Every structure is written in structure tokens, then in C-alpha cells.
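A short write-up of the structure that comes next.
Nothing in this text is a laboratory measurement; each read-out follows from the coordinates by a stated rule. What you see is a predicted model, and the numbers here were worked out from it, not measured in a lab. Here the Cβ positions follow ideal geometry from the backbone for every residue, glycine too, while neighbour counts run over all protein chains shown.
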Amino acid sequence: MLPELLAYGARILPGLLLIGGCFALARAERDPLLRIVTLVLGFILIRDAMTPLGFWRLGVAGGVPWLRFTGQQGILLLFGLGTVLLTAGLLRADAGLRSLVRWGRFGPAAAGWGAGGGVLAAAPVLLLSLPTPQDGRGGAVAVTLLPVLLLFALAGNLAEEVLFRGFLQGWLEQRAGAVRAALLSAALFAACHVFLASTVTAAGWPLLLFTLYEGLICAFLRLRSGVIAAALAHGTAIFLLASALI
């Protein structure tokens, strides 16, 4: 595990230093947009660099995208907990960004909307993939990995939803109205997968279509119930897609 993490760190460190410098310079700006943009760039770097190191695999079978993560539990735990700590630290340090996040109330209603949104997001992909044997869409996943995979999916996608549905959609809402902000948030979320779909992997348009669809569900969940529900939906969808339960 350590060699893979060191190789990953060496790959992303130069880019993170540059992006971190941009973020530091943007701290003087009252408008948080530049800080949001630099965070989006950092997120894309951290996510896309996982691919060549084998921390996750994406593909398309029969026109339907599939997703699998590494089977190393330690790496998944480290990434999951690390993203939570980084997100919490950022929220604590930057009041301007923190003020953009509308969390919503956590309770049975938010949990129900979140879980339902995740099932709704994953269902078309899972149903369309049924004719393809599991070996053709990433293979089986060890049952012992599932609890860690669930934790990773929920934690990692909480950070992503704070970025896109908290910071970005919150900023857009102040300028474009609630519905237009939700649409823009979803479209920009999908657009941030362009390189992942077209150059980092060969997943292509099916991945972009899925991320747009998922982004719309999460954006309107954020509009209705807050970031918590959107994060639950995103994490649930990714877990269902990556767990090979169907």
C-alpha cells in the first residue's frame, strides 16, 4: 500500500502546490469565486490521478458505464477519512465558503430523500448493465470490502457535494436564482468529468451522460433538502455502482 500512496503523492504534489498557491493568492478576494475555481481544479487533479495508479477503474460495456475501486481496504479508508478531514479543515478556515453551504436538516426525511436519490441515479445504469456478465463490467467485489467501500463512497462524495452543491451552487444561487443555479451546478459537474471521460479513460459520452443525470438529481436534492441529502444520494449511487451487488 505504501509504495502506491507514495507514487500517488509524487504525481499530484506539484499540481497541488501550484493550485494551493493560487488559492492562497485568491484569499484576499471578497468574492469567493476564484477560491471555488481553484478548489474544483484541485479536486479534478486528486480524482483523475487515481486512475493511472489503479485506485479505481472506469469502463463502458454495451454503452453502459461501470466503476470499480481498489480492493485495498487501507487505501479506501485513508482516502475516505482524509477527504472528510480536508473538507472540515477548509470549512473551518474559510468563513466565506462556509457561508455558502446550506446543509439542510439531517433526519429521516433527508436520509430517505438521499437514499432514494441515490437509487434513482444508479438504477438506469444497473438495469441496462444486467445483460452484461459481471466479468465484462469490472468483475465481482469481495463481500468483506463492502463496509469500507460504503464508508469511502459516503465520505468521498460528501467532499464532492460540499464543493459542487455547497460552494458552487450556493454562489450561483445568489446570482442566477435557485433553479438556474441547480441546472448550472449539474452541467458544470458533468463538464468537470470531460477529461476523465475523454483523455484519462476511454469511458466517453456514457460517463458524461451519467454524471449530468446524477448531477441534476443531486442539485435538485440540494435545492429541496440541502447538501446532506445530496451527499447521501451521491454516495449511495457510487456505492451501488461500485459494489457489484447487481
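Laid out as a table, the results:
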{"quantity": "So PHE239, is it among the aromatic types (Phe, Trp, Tyr), within 17 Å of TRP103 (Cβ to Cβ) and either crowded, with 18+ Cβ neighbours inside 10 Å or touching a residue at least 40 places away in the same chain (Cβ under 8 Å) (or both)", "calculated": "no"}
{"quantity": "Within the stretch 151-232, helices (runs of 4 or more DSSP H) holding 2 or more residues that are within 26 Å of TRP56 (Cα to Cα) and of a type in the set (Phe, Trp, Tyr)", "calculated": "205-225"}
{"quantity": "Looking only at the stretch 25-56, and only at residues there that are of a type in the set (D, E, K, R) and buried (at least 17 other Cβ atoms within 10 Å of the Cβ), the one that is nearest to the chain's Cα centre (by Cα)", "calculated": "ARG47"}
{"quantity": "Criterion: farther than 21 Å from GLY139 by Cβ and touching a helix residue (DSSP H, G or I) at 6+ places or on another chain (Cβ under 9 Å) - qualifying residue of LEU86, LEU13, LEU17", "calculated": "LEU86"}
{"quantity": "ALA111 vs. criteria within 17 Å of the chain's Cα centre (by Cα), under 30 Å from PRO32 (Cβ atoms) and part of a helix (DSSP H, G or I)", "calculated": "no"}
{"quantity": "Single unsatisfied condition, GLY89 versus (1) without any contact (Cβ under 8 Å) to a residue 40 or more places away in the chain; (2) not in a helix (DSSP H, G or I)", "calculated": "(2)"}
{"quantity": "Members of the stretch 193-208 found to be touching a helix residue (DSSP H, G or I) at 6+ places or on another chain (Cβ under 8 Å) and free of Cβ contacts under 8 Å to residues at least 60 places away in the same chain, listed by number", "calculated": "HIS193, VAL194, ALA197, TRP205, LEU208"}
{"quantity": "Residues of the stretch 57-93 satisfying the condition of being among the aromatic types (Phe, Trp, Tyr) and under 14 Å from the mean Cα position of the chain (by Cα)", "calculated": "PHE69, PHE79"}
